[in-house]
Amino acid sequence: PVWLGTDAHITRFSEPAPLFYERSAWGDAPTRSRIETLSALMPPDEHQHSGTQPIVVTSARALMTRTLPVHRFRESVMILRVKTRASIDKLIERWVRLGYESAGMVIEPGQFSRRGGILDIFPLANDRPIRIEFYGDEIDSLRTFDPSSQRTIGIISEVIIPPAREALPGESQKAIGQLATWFASLAGKDGADMTSAAADQIPLTTGSAFPFLEFYLPYLYPHPVSLLDYAPDDALIVVEDGGELRDTITEIEMASAKARDERITSGQLPADFPKPFLTWEEIA
């Protein structure tokens with residue numbers, strides 16, 4: 001912002017909180033920053049940036065971390081416009097499949113609520129939540145509002161709603177068949193880690209959102225995809241220190257391989273668990 005001014009579109013593609021092979025939640029702040037970045041790089045066709053592209057700042061581990069395939073992200077983005085028809089029930093169903101969670105009142109990004117013919121949703125790439133008012137099955141108005149006071153801030157003609165997560169709950173059933181043997185091996189084993197991991201089988205089967213869903217992302221999308229896959233063809237990639245980047249990624253690979261072996265030995269990880277990251281060779 002110092003050199004480019006406050007109007008520059010700058011996003012920060014954060015690294016998830018857990019290390020690779022750790023069954024832990026990614027965290028709200030990293031998830032939001034990552035979705036904001038992917039949304040900025042992959043706008044709907046009719047909303048391509050005119051003139052300037054976003055500037056993305058990221059780190060080695062964030063660059064390594066696998067993410068949602070580009071085509072699935074684009075297919076998942078929703079555009080709602082005033083005076084178009086939409087089923088409230090179908091919208092809610094789709095939002096749940098995209099990782100949005102129901103709440104009594106929308107306060108945080110990633111939440112939605114329903115009150116009769118009014119839907120509130122806080123898209124992850126937005127600064128403000130959106131209130132959608134219906135007249136029958138037609139969208140009558142779209143408004144941004146203050147989540148603390150619930151008062152209208154502005155009237156808009158359309159809203160773009162990206163996925164709320166990089167691992168989509170609606171696709172979690174893809175992992176069940178591959179993990180069946182591992183889940184069966186956890187049955188009856190002692191230890192909090194074992195019991196918690198075994199509990200993941202239910203939300204994976206039902207397609208429900210749960211904090212550790214991103215742990216299974218490599219099973220949902222077998223082909224490795226990183227931030228670089230979202231970059232435009234004419235993107236300028238600036239590396240502060242190429243040698244340091246290579247060494248850092250190589251060190252992370254080695255530490256992750258050791259952690260993987262230890263977790264497989266202790267039963268905390270399936271023996272065939274796919275790599276949740278891209279290697280230096282793949283990135284280079």
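The values are calculated or read from the model by the stated rules, or taken from the named source; none is laboratory data. All values reported here derive from a predicted model rather than from experimental measurement. Neighbour counts are summed over all protein chains in view; Cβ atoms, including those assigned to glycine, are modelled from backbone coordinates with ideal geometry. The accessibility values were calculated without ligands, DNA or RNA, using every heavy atom of the protein model including side chains. Shrake-Rupley method; radii C 1.70, N 1.55, O 1.52, S 1.80 Å.
Shape analysis of the stretch 1-128 places it in the oblate category; the axes a ≥ b ≥ c from the Cα gyration tensor give an a/c of at least 1.5, with a/b not above b/c.
Net charge of the neighbourhood of Ile55, taken over other residues with C-beta under 13 Å away and scored Lys/Arg +1, Asp/Glu -1, is -1. For Ser149, the solvent-accessible surface with a 1.4 Å probe is about 60 Å², rounded to the nearest 10. In this simple spin-label approximation, Lys174 and Trp3 carry label points 7 Å from Cα along the Cα→Cβ vector, and these lie 3.8 nm apart.
With the full set of protein chains in place, find how many percent of the accessible area of the stretch 15-141 is carbon and sulfur; take the probe as 1.4 Å.
Values: 2940 of 5980 Å².
It is 49 percent, rounded to a whole number.
When you restrict to C-alpha pairs under 8 Å that are six or more residues apart and normalise by the size of the stretch 1-94, the relative contact order lands at 32 percent. Would you kindly give the portion of the calculated P(r) for the stretch 200-284 that falls above 23 Å, as a percent of all Cα pairs? The proportion of pairs with Cα distances above 23 Å equals 39 percent.
Taking the C-alpha atoms only, the angle from helix 28-41 to the longest principal axis of the chain is near 70 degrees. When the Gaussian network model of the chain links Cα atoms closer than 10 Å, the mean-square fluctuations of Ile132, Ile264, Ile160 top out at Ile264.
Electrostatic bookkeeping for Val225 treats Lys and Arg as +1 and Asp and Glu as -1; over the other residues with beta carbon under 11 Å from its beta carbon, the sum is -1. With a cut-off of 12 Å between beta carbons, the residues surrounding Ile153 carry a summed charge of +2, where Lys and Arg count +1 and Asp and Glu -1.
When all protein chains stay in place and ligands, DNA and RNA are ignored, the 1.4 Å accessible-area order of His9, His71, largest first, is His71, His9. For the chain, the longest principal axis of the Cα atoms and the long axis of helix 88-97 meet at an angle of about 20 degrees. For the pair the stretch 194-227 and the stretch 241-259, the centres of their Cα atoms are 25 angstrom apart. Distance from the alpha carbon centroid of the stretch 143-166 to that of the stretch 99-128 works out to 8 angstrom.
Can you give me the relative contact order of the chain as a percent, contacts being Cα pairs under 8 Å and 6 or more apart? Let's see the in-between values first.
Values: 452 pairs, mean separation 61.3, N = 284.
Here the relative contact order equals 22 percent.
Between Ala25, Val57, Leu91, the Cα set farthest toward the positive side of the dipole of the stretch 1-110 (charges on each charged residue's Cβ, about the Cα centre) is that of Leu91. Convex hull volume per residue, computed on the Cα atoms of the chain, equals 152 Å³.
Mind checking which lysines have their C-alpha under 29 Å from Lys90, skipping anything on the same chain fewer than 8 residues away? Answer for Lys90, where 29 Å is the Cα cut-off: Lys174, listed by chain and number.
Heavy atoms of the protein chains alone define the surface here; on that basis the chain has 52 Å² accessible area per residue at 1.4 Å probe size. Between the listed residues Thr195, Gly177, Ser148, the Cα displaced farthest toward the positive end of the dipole of the stretch 130-284, a dipole computed from Cβ unit charges relative to the Cα centre, is found at Thr195. Need the list of aspartates and glutamates near Lys258 for cross-linking: C-alpha distance under 18 angstrom, and skip anything on the same chain fewer than eight residues off. Counting by Cα, and skipping residues close in sequence, Lys258 has these aspartates and glutamates nearby: Glu22, Asp247, Asp272.
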